[in-house]
1. Among the residues of segment 8-51, what is the count of those that are among the aliphatic types (A, V, I, L, M) and crowded, with 20+ Cβ neighbours inside 10 Å?
2. Out of all the residues in segment 28-52, which are of a type in the set (A, V, I, L, M), closer than 20 Å to Met7 by Cβ and part of a helix (DSSP H, G or I)?
3. Given the condition β-branched (Val, Ile, Thr), over 17 Å from Glu9 (Cα atoms) and at pLDDT below 95, answer yes or no: does some residue in segment 37-60 qualify?
4. Of all residues in segment 11-27 being of a type in the set (Gly, Ala, Ser) and outside any strand (DSSP E or B), which is farthest from Glu86 (Cα to Cα)?
5. Please list, ordered by first then second residue, the pairs with beta carbon atoms under 7 Å, 6 or more apart or interchain, first in segment 69-85 and under 17 Å from Pro15 (Cβ atoms), second among the aliphatic types (A, V, I, L, M) and in a loop (DSSP other than H, G, I, E, B).
Amino acid sequence: MNNPRKMTELYKNLPWMYSLLKDESAGAYYLEVVCGTIGWYEVYLRLTEAEVAAFLPAVAAGVPDALTALAKEVMHHGAQGIPGREYRRE
């Protein structure tokens, strides 16, 4: 990601190709998901406060099932994005 903002990776799921990131300067959390079939690209979904409150303890406990489900939904929608959700555009 070519961006001057510092993003800290808090969790990485290699099998499903997604990461939980924190934008240090804005204090925002993002779900980075690799999408595509022939060509791959990253999508950055901004997480809501409720999602962050649920996902951080789940990831810390080693149970990222809800985060994985959201990553799968992001993959399904791809570049079009989930309607009504905020994305970080590169």
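1. Residues that pass the stated criteria total 7.
2. Val52
3. yes
4. If we take residues in segment 11-27 being of a type in the set (Gly, Ala, Ser) and outside any strand (DSSP E or B), then Ser25 is farthest from Glu86 (Cα to Cα).
5. Close Cβ pairs satisfying both conditions: Glu73/Ile82; Val74/Ile82.
The values are calculated or read from the model by the stated rules, or taken from the named source; none is laboratory data. The structure displayed is predicted, hence computed values, not measured ones. No Cβ is skipped: glycine too gets one built from the backbone with ideal geometry, and neighbour counts run over all protein chains shown.
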